[in-house]
């Protein structure tokens, strides 16, 4: 289709938002069609193909400016419940992404230097502190996030030694809460039903290259790759399932897994080909299942002589000694 005023109107509407879903796009496109065709167009008549057509035209127009509209499915469970009390299926999110500049530099247009340093501490916590060989969480709780408002002594020294204009300053708790709320409103972070912060689809699309360059050490093999990809779709994975073998990079998004195994006609790891466990998780569930295991162990230890045996579900926790030996090398991750 020729690029006309309707395409310009769509692009302007898109740029006024940080992200857009098909549900949000339907009334926008319905209004555009109504004006273009000089007759009412109900939003329910808008199809996904209509949206894809306008996105393709928009991408052709903005490509010379190093911009692109990309899409990704959400990876963490949000407070999005259907009438039958079950979680709604994830809806694809579209975002306008700068294909060349550093996303943290883009944040600097709306946030102060100290706020950007706080964002960097959040990302370090998600993808280093809480993303280990034993537990690939890649989310942080509200309490953990607020604890990062204060700059550690080590971080302050590194900032000074780095030759910057000055050491990063701590934020107050109120300032940190405000920044977290703004990052959600701007579409960089999401907050799950259980209160964990994680990168949103927009954040993952914008930061994908930076995350790999910052947190992956290509020189030390699989253990150096903290940022892993789904073996089905190739996108970065922050929530889903993993292979039972810790050193295997096999990971799958929940929304990719069913079709992937149907096509493969076997529920085996796509990398090492051992049986897929189905109870080894990436993301928030890696934390919540371990918390369940800890509560179960405490209950068992509190009543060692109980004559009543309670059958507990199998949990996604690998306890030292469970596989016959403790974690090697004394590493924390």
Exercise. Mind checking which pairs have a first residue in the range 246-268 that is under 15 Å from residue 226 (Cα atoms) and a second that is modelled with pLDDT under 90 and assigned to a loop (DSSP other than H, G, I, E, B), Cβ under 6 Å, 6 or more apart or different chains?
Worked result: 246/133
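Kindly indicate which of 236, 179 is crowded, with 19+ Cβ neighbours inside 10 Å, under 29 Å from residue 101 (Cβ atoms) and free of Cβ contacts under 8 Å to residues at least 40 places away in the same chain.
Numbers: 179 fails: free of Cβ contacts under 8 Å to residues at least 40 places away in the same chain.
Result of the check over 236, 179: 236.
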Exercise. Does any residue of the range 204-214 turn out to be modelled with pLDDT under 95 and over 16 Å from residue 72 (Cβ atoms)?
Worked result: yes
For this session: Test residue 46 against the stated conditions and say whether it is modelled with pLDDT of 95 or more, touching a helix residue (DSSP H, G or I) at 6+ places or on another chain (Cβ under 8 Å) and surrounded by 18 or more Cβ atoms within 10 Å (Cβ to Cβ).
Result: yes
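Do we find that residue 188 is under 19 Å from the mean Cα position of the chain (by Cα), crowded, with 19+ Cβ neighbours inside 10 Å and at pLDDT 90 or above in this structure?
When the stated conditions are applied, residue 188 passes them.
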Seminar exercise, completed: For residue 193, the lone unmet condition from (1) touching a strand residue (DSSP E or B) at 6+ places or on another chain (Cβ under 9 Å); (2) outside any helix (DSSP H, G or I); (3) closer than 16 Å to residue 118 by Cβ; (4) modelled with pLDDT under 95 is (3)
Problem set entry | residue 160 loosely packed, with under 14 Cβ neighbours inside 10 Å, out of contact with any strand residue (DSSP E or B) (no Cβ under 9 Å at 6 or more places or on another chain), at pLDDT 95 or above and over 18 Å from residue 286 (Cβ atoms) | no
Exercise. Residue 203 versus (1) under 16 Å from residue 71 (Cβ atoms); (2) touching a strand residue (DSSP E or B) at 6+ places or on another chain (Cβ under 9 Å); (3) not in a helix (DSSP H, G or I): which is the lone unmet condition?
Worked result: (3)
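The values are calculated or read from the model by the stated rules, or taken from the named source; none is laboratory data. None of these values were measured; they are calculated from a predicted model. Every residue, glycine among them, receives a Cβ derived from its backbone with ideal geometry; neighbour counts consider all protein chains shown.
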